[in-house]
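Asker: Provided herewith is a single structure, encoded as structure tokens, for subsequent inquiry.
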Amino acid sequence: MNKTIQLLVDAICLIPRQFFANDSSDDVSRMIHERFVSQLTIKYRRLTGCYCRTESILPTSETIQKFACTAEKKAVIKKLTTEIASVISPHPTLFMEQASNLSLLMTIVEVKTECKLQRAVFYWDLFKLHFLVEQDRSSCGVYFIINQDVDSVQKKISAYYDRGFYTSLRAENIFFLIKKDYKSDVVALDYRGERCI
């Protein structure tokens, strides 16, 4: 497992039990998500001393509109946005910096804490990771999911590729971290959904 992923796993393991709570109501679920991301940011900064920020990347965002420069890419965005239209505002993407000897490495993290991970949201988040990792050559993309089992996440990953959604030329820099609950270990998968050793 690469150093960036290991640092993120170490930060996850420092998060106290009470932040792994889950609830199905939208308002409580959003608050749980925000508290969890806040804890993840604090623990990551404690380990690395690096800066973290969040940013909402919506279908109307300037970076996404730049991506949709051809008819084929516009069709991809339309297909993805049609499916997330019914979803209440997606959670912001987390950007975690990490200083290297010569450059600044960026870890782009999508965090999902909901009990039920909707396919449309999953597809949009995975698309964003593919897109953002390709835009920044020194980046690593991580989809961190709690309250889900590995098999259901692997099925969603497979469905994303079966539906022909966008795949980055740098897809090997995308990983999934899955933690079913507080007591379980973090399982790492590569971008195809295969376990990382």
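Coordinate-derived values only; no laboratory data. None of the values given here were measured: they were computed from a predicted structure. Cβ atoms come from the backbone with ideal geometry, glycine included; neighbour counts cover every protein chain shown.
Asker: Straight distance only, please: which lysines reach the Cα of Lys155 with their own Cα at less than 28 Å, same-chain residues fewer than 8 apart left out?
Answerer: Lys3, Lys73, Lys74, Lys78, Lys79, Lys112, Lys116, Lys128, Lys179, Lys180, Lys183
Asker: Expressed as a rounded percentage, what relative contact order does the chain have, with Cα pairs under 8 Å and six or more residues apart?
Answerer: Relative contact order comes out at 18 percent.
Asker: Once amide H atoms are placed 1.01 Å from N in the peptide plane, what residues at a sequence separation of 5 or more from Phe175, or on another chain, have their amide H within under 5 Å of its amide H?
Answerer: Sorted by chain and number, the residues that satisfy this are Gly141, Val142, Tyr143.
Asker: Also: Under a 10 Å cutoff between Cα atoms, tell me which one of Asp185, Asp162, Asp136 has the largest fluctuation in the Gaussian network model of the chain.
Answerer: Asp162
Asker: Between Cys115 and Thr81, what length comes free when the chain is fully extended (0.36 nm per residue of separation minus the Cα-Cα distance, one decimal in nm)?
Answerer: Going from the current span to full extension adds 10.0 nm.
Asker: When the Cα centres of the stretch 114-128 and the stretch 165-196 are compared, how far apart do they sit, in Å?
Answerer: What the calculation gives is 14 Å, centre to centre.
Asker: Test of understanding: what is the full-extension gain from Cys13 to Lys183, defined as 0.36 nm times their sequence separation minus their Cα-Cα distance?
Answerer: Contour length minus Cα-Cα distance gives 60.2 nm.
Asker: Would you mind giving the average projected area, over all directions, of the Cα convex hull of the chain in nm² with one decimal?
Answerer: 10.7
Asker: Which length gain, in nm to one decimal place, applies between Cys196 and Ile42 when the Cα-Cα distance is subtracted from 0.36 nm times their residue separation?
Answerer: In short, 52.9 nm is gained.
Asker: Another question, then. From the helices alone, meaning DSSP H stretches of at least four residues, give me the mean residue ellipticity at 222 nm for the chain, per-run term -39500 (n - 2.57), in deg cm²/dmol to the nearest 500.
Answerer: That calculation yields -14000 deg cm²/dmol at 222 nm.
Asker: With r defined as the distance between the Cβ atoms of Glu55 and Met31 and R0 fixed at 25 Å, what FRET efficiency is calculated, to the nearest 0.05?
Answerer: 0.80
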